[in-house]
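The values are calculated or read from the model by the stated rules, or taken from the named source; none is laboratory data. Please read these numbers as outputs of a predicted model, since none were measured by experiment. So basically every Cβ, Gly included, is an ideal-geometry build from the backbone, and we count neighbours across all protein chains shown.
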Amino acid sequence: MSKIKLTTEINSEIHICFDLARSIDLHEISTKKTNEKAIAGKTSGLIALNEFVTWEATHFNIKQKLTTKITAFERPYYFVDEQLKGIFKSFRHEHRFEQIKNKVVMIDVFEFESPLGLLGKIFNKLVLTNYLQNLLIERNKIIKEYAETDKWKLVLNGK
């Protein structure tokens, strides 16, 4: 299993960062490059425990669908989404949040396994891990940008 761990410091409040990270609408904004759209399940607003979303996106010039479910949830500190259906053999994405003075430390732990055995492991090492890490870094930049400005209000509507 491959693992990506990212830490992002954000000058904001923990509840804002937490809600931005689980916002379907902000996810679509942050993944415009891959044309990611929520097409089934929870398709807008804030996803919560036991809810699922099916995403359609284009990665490596291939249109794909991925269904994830929120399997753990403790607002505003922690949530986990896991693949129910999709191209991965498995994936689990932990989102952790800690308020330290006027900063939020947001930690992503993304563990995934590709299908195809040894070929999948080689693809992970050579291509996929770096590709997914860059997607997560871009997504975290957008969360940070929205959380550190009034843009968060456009997505969360003051919730």
Check your understanding: Looking at the range 78-121, which of the residues that are small (Gly, Ala, Ser) and surrounded by fewer than 15 Cβ atoms within 10 Å (Cβ to Cβ) is farthest from residue 68 (Cα to Cα)?
Key -> 117
Revision key, fill the gap. Quick count over the range 97-148, residues being of a type in the set (Lys, Arg), out of contact with any strand residue (DSSP E or B) (no Cβ under 6 Å at 6 or more places or on another chain) and more than 25 Å from residue 84 (Cα to Cα), is 2
Practice item. Considering only the range 24-63, state which residues are under 13 Å from the mean Cα position of the chain (by Cα), touching a residue at least 24 places away in the same chain (Cβ under 8 Å) and in a helix (DSSP H, G or I). Key: 24, 25, 26, 27, 29, 30
Practice item. Could you tell me whether the range 60-82 includes any residue that is in contact with a Ser or Thr (Cβ under 8 Å, 6 or more places away or on another chain) and aromatic (Phe, Trp, Tyr)? Key: no
Exercise for review: Go over the candidates 126, 154 one by one and state the one that is farther than 24 Å from residue 29 by Cβ and out of contact with any Lys or Arg (no Cβ under 9 Å at 6 or more places or on another chain).
Suggested key: 126
Check your understanding: Pick from 140, 124: which is polar (S, T, N, Q), surrounded by 12 or more Cβ atoms within 10 Å (Cβ to Cβ), under 14 Å from the mean Cα position of the chain (by Cα) and assigned to a helix (DSSP H, G or I)?
Key -> 140
**Study point:** Only one of 82, 145, 113 that is within 21 Å of residue 5 (Cα to Cα), in contact with a helix residue (DSSP H, G or I) (Cβ under 9 Å, 6 or more places away or on another chain) and of a type in the set (Asp, Glu)
**Key:** 113
Review point. Just for the range 31-53: of the residues that are out of contact with any Asp or Glu (no Cβ under 7 Å at 6 or more places or on another chain) and at pLDDT below 95, which one is surrounded by the fewest Cβ atoms within 10 Å (Cβ to Cβ)?
Key: 32
